[in-house]
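Reading through the structure tokens given below for one structure.
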């Protein structure tokens, strides 16, 4: 018969720490993490993993594939970091990344990077992008430098496209200046730079 207590010699001078195997199993059934259990027993996580291995104790599977899919579908729309998703769902990093790869053929980090780059290439200001992604303006500015997506260049291209679009519609330069909200000389300057 297996003893319900396991005395493990910890590297402290106090000697043995009694750990109840039945308590360990109950904590796992309650859904506590190994880290939480280690804190409760005041031992290392490695000790808990070793006990689980020695006594053939498995972590109970609390989530099914369908359950994971339902949880992740609601979470994926919230634009959370991987760490936030792990905390909210209780799923492992591996499970979350695997789900993302199956659904989007990319990891959450790659999808966030793609979204950031597309926003940096849009007509939105740094402030608007920062608010949309819930990050600081300095983060947006540093990413503009990192990906060489200058704000000035983007604004100039956007303004040039608006001017050319209005010209193709047959609108004269003075009216273009009024509609866009720039001076007549700025319209001429942009059109001269195109030649």
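A single entry from 109, 77, 58 fulfils the requirement of being at pLDDT 80 or above, within 14 Å of the chain's Cα centre (by Cα) and surrounded by fewer than 13 Cβ atoms within 10 Å (Cβ to Cβ): 109.
Scanning the stretch 122-147 for residues that are in contact with a helix residue (DSSP H, G or I) (Cβ under 7 Å, 6 or more places away or on another chain), part of a loop (DSSP other than H, G, I, E, B) and more than 16 Å from residue 79 (Cα to Cα) yields 123, 147. Residues considered: 116, 111, 124, 51. Of these, the only one that is farther than 30 Å from residue 18 by Cβ and touching a residue at least 12 places away in the same chain (Cβ under 8 Å) is 116. Would you confirm, using the coordinates I've provided, whether residue 178 is without any contact (Cβ under 8 Å) to a residue 12 or more places away in the chain, more than 28 Å from the chain's Cα centre (by Cα) and assigned to a helix (DSSP H, G or I)? Yes, satisfied. Got at least one residue in the stretch 94-106 being surrounded by 14 or more Cβ atoms within 10 Å (Cβ to Cβ), in the same structural domain as residue 71 (by TED's automatic domain parsing), out of contact with any helix residue (DSSP H, G or I) (no Cβ under 8 Å at 6 or more places or on another chain) and not in a loop (DSSP other than H, G, I, E, B)? Among the residues of the stretch 94-106, at least one is surrounded by 14 or more Cβ atoms within 10 Å (Cβ to Cβ), in the same structural domain as residue 71 (by TED's automatic domain parsing), out of contact with any helix residue (DSSP H, G or I) (no Cβ under 8 Å at 6 or more places or on another chain) and not in a loop (DSSP other than H, G, I, E, B), which makes the answer yes.
Restricting attention to the stretch 9-37, the residues that are under 30 Å from residue 91 (Cα atoms) and at pLDDT below 70 add up to 0.
The values are calculated or read from the model by the stated rules, or taken from the named source; none is laboratory data. Quick caveat: nothing in here was measured; it's all calculated off a predicted structure. Don't worry about glycine lacking a Cβ; one is built from the backbone with ideal geometry, like all the others, and counts go over all protein chains shown.
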